[in-house]
Amino acid sequence: MIRRFMKSKWWHLTAAITSLATVGYVAYMAYAFRVLMVWFLLASVFMTVYEFWKFASFKKDV
């Protein structure tokens, strides 16, 4: 069941939302504690865009 979920388009949406939450966390840390994690932010933004792109372009094999 887990393997089937990981192959579905909802897996990409879940990963994208998690990455978006990570971007929000990095932004909060930069604002509240003046700690800017540039490379972590860059990687998180990249993964967020990639996962939303995969979710939008997912085609189910028939």
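The values are calculated or read from the model by the stated rules, or taken from the named source; none is laboratory data. No experiment lies behind these values; they were computed from the predicted model shown. The protein model used for the area step is the full one, side chains on, heavy atoms only, and it has no ligands, DNA or RNA in it. Shrake-Rupley method; radii C 1.70, N 1.55, O 1.52, S 1.80 Å.
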Which value, in Å² and to the nearest 10, is the accessible area of Met47 when all protein chains are kept and the probe is 1.4 Å? 80 Å²
Hey, if we sort Ser8, Ser57 by accessible area with the 1.4 Å probe, largest down, what's the order? Ser57, Ser8
Computed over the chain: longest principal axis from alpha-carbon atoms vs helix 9-32 long axis, angle to nearest 10 degrees, is 0 degrees
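Tell me what the chain gives for mean residue ellipticity at 222 nm when only DSSP H runs of n ≥ 4 count, each as -39,500 (n - 2.57), the sum divided by the residue total, rounded to 500 deg cm²/dmol.
Working: 3 runs with 48 residues, N = 62.
The helix contribution divided over the chain gives -25500 deg cm²/dmol.
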Sorted by accessible area (1.4 Å probe), largest first, how do Lys59, Lys9 line up? Lys59, Lys9
Suppose accessible area is computed on protein heavy atoms with a 1.4 Å probe; arrange Thr48, Thr14 from highest to lowest. Thr14, Thr48
Distance histogram in 5 Å bins (all Cα pairs of the chain, percent per bin): 4, 19, 22, 18, 14, 10, 7, 4, 1, 0, 0
If contacts are Cα pairs under 8 angstrom and at least 6 residues apart, what is the relative contact order of the chain in percent? 44 percent
